[in-house]
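Have a look at the structure below before the remarks.
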Amino acid sequence: MITTIILKKLKQAFTDLLPIILVIAFFQIIVLKQPLPHMGEVLFGALLVVVGLTLFVQGLEMGLFPIGETMAHALARKGSLFWLLCFAFALGFSTTVAEPALIAVAAEAAEIASAGGLIDSSQETLKQYAFGLRMSVAFSVGLAILIGVMRIIRGWPIHYLIIGGYVLVMLMTIIAPPEIIGIAYDAGGVTTSTITVPLVAALGVGLASTIRGRSPLLDGFGLIAFASLLPMIFVMGYGLIIFG
C-alpha cells in the first residue's frame, strides 16, 4: 500500500512537470533541431526534480498547512486581537526573510547595482544593500499579512484595498529612482514563493473558518495579493532612501 501511494504521488508530480518537459523538448528538437546536451545529467536532474516536488508537496500537506490553520484557530479562539496581529506580522516577516528566491534576488540586485556604479563594490556594502532590500521586503510582507488579517476580521472589501494599493504603486513609480523600479516590481513576485504562500494561505483559511460570518472561500483567500502589493511600495521607498 505504501509503495502504491508513493508511486501515485510520483506520477502526479511527473504529470505536473510534463508540460514544462514537452515545451523544452519541442523547442530543442523541432525549433533548434539539436539534441539535449549531457542527456544523462538532464534525465537524472529531471528525476531529482520529480522526487523533490513530490516530497515538497507532501511536506506542505502534512506540515505547513496544518500548522497555519491550527495556530489561526487557536489564536482566534483565544480572542486576543493583539496576539493575532502579532502572529500575522511575525509570520509574514519570518517566512519572507527565509524565502530562498528573495535571498537570491537581493544578492543579484546588489551585484548589479555595484557593477552599475550605484553602490560601492566592497563586500560589506554589497551585504548591507542586499540585507536592507531583504528587510524592506520582509517588513512590507509582515505588514501586508497584518492588513489582510484585519480585512478578514472587519469584513473590509478586498477590491477597495487592492485598487488603492496599486494606485499608490503607480504614484510611487513616478517619483522612485529608475534603478529600483524593476527590482521593486520583481520583489512582489519573489515574496509569493515556496515558503510564504502555504503558511499565509493556511492562516487566511483557518482564520476565516473560525470567525462567525466569514467564508473560507470568500474571505480566506486574498492575503497573498497583499503580500505581492506592499513590497513594491516599500522597495521603491527603499530606493528613494538609497539612491534619492
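The values are calculated or read from the model by the stated rules, or taken from the named source; none is laboratory data. Here the structure is a predicted model, which is why all the values come from computation and not from measurement. Neighbour counts run over all protein chains shown; Cβ positions are idealised from the backbone, glycine included. The accessibility values were calculated without ligands, DNA or RNA, using every heavy atom of the protein model including side chains. Shrake-Rupley method; radii C 1.70, N 1.55, O 1.52, S 1.80 Å.
Between the listed residues V23, T191, F87, the Cα displaced farthest toward the positive end of the dipole of the chain, a dipole computed from Cβ unit charges relative to the Cα centre, is found at F87.
Entry for the range 115-200 at q = 0.14, 0.20 Å⁻¹: log10 I(q)/I(0) = -0.65, -1.14, Debye formula applied to identical alpha-carbon scatterers, no solvent contribution.
Taking amide hydrogens as placed 1.01 Å from N in the peptide plane, the amide H of I119 sits under 5 Å from those of S114, each at least 5 positions away in sequence or on another chain. Taking only protein heavy atoms and a 1.4 Å probe, the accessible area of the range 1-129 is 73% carbon and sulfur.
Once you reduce the range 197-212 and the range 83-142 to the center of their Cα atoms, the two points are 26 Å from each other. Both the radius of gyration and Dmax for the range 67-121 are 18.1, 53 Å, in that order, over alpha-carbon atoms.
A simple charge model with +1 on the Cβ of Lys and Arg, -1 on the Cβ of Asp and Glu and nothing else charged puts the dipole of the chain at about 940 debye relative to its Cα centre. Across all directions, the average flat footprint of the convex hull enclosing the Cα atoms of the range 1-110 is 11.5 nm². Using Cβ point charges alone (K and R +1, D and E -1), the dipole size of the range 77-217 about the Cα centre works out to roughly 1080 debye. Have a look at I181, I163, A201 and report the one farthest towards the positive end of the charge dipole of the chain, computed about the Cα centre with Cβ charges (Lys/Arg +1, Asp/Glu -1). Checked the options; the winner is A201.
Approximating the spin labels as points 7 Å out from Cα along Cα→Cβ, the Q58-to-A104 distance works out to 2.4 nm. Counting only aspartates and glutamates at least 8 places from K78 when in the same chain, those with an alpha carbon closer than 19 Å to its own are E69. Applying 1/(1 + (r/R0)^6) with r as the Cβ-Cβ distance of K11 and E179 and R0 = 51 angstrom yields a FRET efficiency of 0.65.
Accessible surface computed residue by residue for the chain, with neighbouring protein chains in place and a 1.4 Å probe, gives 56 Å² per residue. With the simple spin-label model, which puts each label point 7 Å out from Cα in the Cβ direction, the L22 to Q123 separation comes to 4.8 nm. Obtain the nm distance between the two label points defined at R154 and F131 by a simple spin-label model: each point lies 7 Å from its Cα along the Cα-to-C-beta direction. It works out to 3.5 nm between the two label points. Packing, taken as the mean count of other beta carbons within 10 Å per residue, orders the peptides 130-137, 141-148 from highest to lowest as 141-148, 130-137.
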